[in-house]
Amino acid sequence: MTNAHHPDAPEGATGILVLADGTIVWGRGFGATGSAVGEVCFNTAMTGYQEVMTDPSYAGQIVTFTFPHIGNVGTNDEDVEADSPHALGCIVREDITVPSNFRDQKPFDQWMAEQGRIGISGVDTRALTRRIREAGAPNAVIAYDPEGKFDIDELLAKARAWAGLEGMDLAKDVTGDQTKLWEQGGTWQLGHGYAPVEEMEASFDRPHVVAIDYGAKRNIFRNLVKAGAKVTVVPAKTSFDEIMALKPAGVFLSNGPGDPAATGAYAVPVIQQLLEADIPLFGICLGHQMLALAAGAKTVKMHQGHRGANHPVQRIGGGWDATEGLVEITSMNHGFAVDSDTLPDTVRETHKSLFDGSNCGIEIIGKRAFGVQYHPEASPGPQDSFYLFEKFVGGVG
């Protein structure tokens, strides 16, 4: 049905989500006009929508927010994790309202439009979330047209033609393009924001961490600085020799989007060389998965993924024996996971999800190398997981 109002469209519908199985979800569009194709996921966090939309790990994804009131606190220039949004769009229950927060600089819908991202409100997000939980994260097209005219056949064909995230290397698309010293401080202050690291020259006395950027969140670098490190950020495809030329005391493996096995085609050999050189390593999310791949394990596509700020993770041993059994409330964003059944004898599992038992942490036996599946820098606990940054930086200092 080309350039016409669909007969089943509710009155006033200007937004649409077309799933690859033919399911059509109507709503009211906001943000940018146009269409985008990706994987539909859901996020259970009650806050942090601006951080979610700008997290590079959400590249290729359309986010369904389960919390009904998105946009209430508006947007600002500080609560972002990258220079621009990486999530393709979002789906929300209630219409975006006038912001009510003293830090607001512009309404969420205006910010979405300026950033070229599509939103749909008026959707039964609870029903859509159940659909994802039962049938898995679907491929779909999200679209917004102020006149409510959509070519359903074309949108459906676009959704069905998209290959999906499995086998897709997205880190190369979101990584930085140059090596640079991270100059932002680790602590935020009202009215001052994230001030530059004081006397950057003095930071050269700090242990030097080289952070490989597979699509990193800014707050990870801030936490490394807060824990006492000097941080140099390098692109995803930086070679082992280029990393070693920077004389790192340790190497950080960042989060990022896409299939870890695909990114691992060029990243895993570098990580294996770093392991052979006995360089201390710390990986988060995608970085954790690629550390596991480098050690000989495998990763798998999850049915629905884990995304939110309320995921309980238990410490189950290894180098964490003093606190074994403790539970951390964590932030997560991943659609792939390390397959615990494939961990070799040289790898010890250290954390697991209390939702489904999936792997959430490993350490390499005999090496100063560990990783976690969740995002300790997001601080939902709020300080449950900062010890990971202290453990890493303290171990290289």
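Bear in mind these aren't lab numbers, they're just calculated from the coordinates by the rules spelled out. Computed from a predicted structure; not experimentally measured. In this analysis, Cβ positions are derived from the backbone assuming ideal geometry, glycine residues included, and neighbour counts consider all displayed protein chains.
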Once you compute Rg and the Kirkwood Rh from C-alpha atoms, what is the Rg to Rh ratio for the range 91-229? 1.07
On a 28 Å Cα-Cα criterion, which of the cross-link pairs Lys247/Lys391; Lys149/Lys172; Lys106/Lys158; Lys158/Lys301 come out too long? Lys149/Lys172; Lys106/Lys158
Mind checking Rg over Rh on the chain, alpha carbons, Kirkwood formula for Rh? 0.98
Tell me what the chain gives for mean residue ellipticity at 222 nm when only DSSP H runs of n ≥ 4 count, each as -39,500 (n - 2.57), the sum divided by the residue total, rounded to 500 deg cm²/dmol. -6500 deg cm²/dmol
Residues with amide H under 5 Å from that of Asp213, placed H, sequence gap 5 or more: Val234, Ala236
How large is the convex hull of the C-alpha atoms of the range 257-397 per residue, in Å³? 101
Of all C-alpha pairs within the range 121-160, those more than 17 angstrom apart amount in percent to 46
Selected from Ala137, Val174, Gly12, residue furthest toward positive end of dipole (the chain; charges at beta carbon): Ala137
Within the chain, what's the longest stretch lacking GluC sites (Glu not before Pro) that sit in DSSP loops with no more than 16 other Cβ atoms inside 10 Å? 200-323
Cα-based reach from Lys352 at 20 Å (exclusive), listing aspartates and glutamates while leaving out same-chain residues under 8 positions away: Asp321, Glu324, Glu328, Asp339, Asp341, Glu363, Glu377, Asp384
Give the longest segment of the chain that steers clear of chymotrypsin sites (Phe, Trp or Tyr not before Pro) in DSSP loops with at most 14 neighbouring Cβ atoms within 10 Å, not counting the sites themselves. 103-354
Across the alpha-carbon set of the range 54-113, Rg over Rh with Rh taken as the Kirkwood radius works out to 0.95
In whole Hz, the Karplus estimates of ³J(HN,Hα) for the range 120-126 (6.51, -1.76, 1.60; θ = phi - 60°; x where Gly or Pro) are 10, 10, x, 9, 6, 5, 5
Cα-only Debye scattering, the range 15-161: base-10 log of I(q)/I(0) at q = 0.09, 0.17, 0.20, 0.21 Å⁻¹: -0.24, -0.87, -1.22, -1.35
Helix 260-276 versus the longest principal axis of the chain: what angle, 0 to 90°, nearest 10, using Cα atoms? 10
C-alpha center-to-center spacing [the range 1-64, the range 339-389] in angstrom: 32
Debye sum, Cα scatterers, the range 236-279, no solvent: what log₁₀ I/I(0) at q = 0.16, 0.24 1/Å? -0.42, -0.89
Mind running the shape call on the range 1-101? Use the C-alpha gyration tensor, a ≥ b ≥ c as the square roots of the eigenvalues: rounded below 1.5 for a/c, prolate if a/b tops b/c, oblate otherwise. prolate
